[in-house]
Amino acid sequence: MERVRLHRDNVAVVIPALNEALRIREVVSGALAQCALVIVVDDGSDDGTAQRIADLPAVLLRHPQRRGKGASLRDGFAEALRRGAAAVVTMDGDGQHAAEDIPRLIDSGNRHPGHIVIGARLRKRAAQPTYRRLANDFGDWGVAWGTGYQVADSQSGQRLYPAEVVAMEQVPGEDFVFEAQILMSAAQRLGTRCVSVPIESRYNADGEQAYRASHFKPLRDFSRITSHIVLHCLRRGRVAQVYRSIRAHPPLIDDPSGEFAAVPAPKAPVGSS
């Protein structure tokens, strides 16, 4: 299949938003500086999120009540495809993703046609809370069993999806489970791999509240993601074959600087085999 070169006028930015009045205007303004089409999906916010961006030239979709991140992404994807997008960049509405990284994801998408591009939080990892870092490493290990290859920062919400991935139907899973499942479904149905572009970790420093508290709850959401992946893998079978594939395919890192040419393979949690 001949690939269309990606650029600011054929890549849509989809931003799911739940009670993001604190930073949503800054996020949307930054995205509009990088791409012509920005789609915000307000997932039943009650803090004036939609009003904060009412005068900006972004497409606003609204859910009358909360339906979860998975539903927001599905609706944003459908609108992007309806408007002819060749790819979709996703980013959260809380300001933890830098819009200035969007061109880097697009450039990587052109260097690696057909890949899902993940903005991997590899830079300044010391700023990432320890529990989040450990949880992300565990998530990478788990998602690898669903994709058959290793992924650097499989939990990052800043991604670039090719149109054929966005167009997949009947991708199961809600909330954050959907973001894990779409990587697995793309690998199994389309043979799609991920490539990771290093970005900075952006979190609240001690004593400050630059970003709202994350909607992602590690214990709750990783339990959901893990149980979903385990059931998926048991149904799929071929465990030994998948394990060999994981070992043979380390994370693909796209970093022209060479700083992150490779990252350590995710290790199994203590007590697993």
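The values are calculated or read from the model by the stated rules, or taken from the named source; none is laboratory data. No experiment lies behind these values; they were computed from the predicted model shown. Cβ: placed from backbone, ideal geometry, glycine included. Neighbour counts: every protein chain shown. Protein only, heavy atoms only, side chains kept; ligands, DNA and RNA dropped before computing areas. Shrake-Rupley method; radii C 1.70, N 1.55, O 1.52, S 1.80 Å.
Some notes on this structure:
- Each peptide among 160-168, 140-148, 62-70 gets the average number of other Cβ atoms lying within 10 Å of its residues, and from highest to lowest they stand as 140-148, 160-168, 62-70.
- Prolate/oblate/rounded label for region 21-150 (Cα gyration tensor, a/c 1.5): prolate
- Rounded to the nearest 20 debye, the dipole size of region 1-122 about its Cα centre is 360 debye, using +1 on the Cβ of Lys and Arg and -1 on the Cβ of Asp and Glu.
- Region 1-152, relative contact order [Cα under 8 Å, separation at least 6], %: 27 percent
- Cβ-Cβ FRET estimate between residue 47 and residue 82, R0 fixed at 35 Å, reported to 0.05: 0.80
- Per residue, the accessible area of region 1-90 comes to 47 Å², computed with a 1.4 Å probe over protein heavy atoms only.
- Each Lys and Arg adds +1 at its Cβ and each Asp and Glu adds -1 at its Cβ; summed about the Cα centre, region 59-198 shows a dipole of about 160 debye.
- Rounded accessible area per residue of region 144-184, 1.4 Å, Å²: 24 Å²
- Peptides 98-105, 51-58, 188-195 ordered by packing proxy, namely the average of other Cβ atoms within 10 Å per residue, highest first: 98-105, 188-195, 51-58.
- Global geometry of region 148-192, whether rounded, prolate or oblate, following the gyration tensor of its Cα atoms and the 1.5 cut on a/c: rounded
- Accessible-area composition of region 1-118, carbon plus sulfur, in percent [1.4 Å probe]: 48 percent
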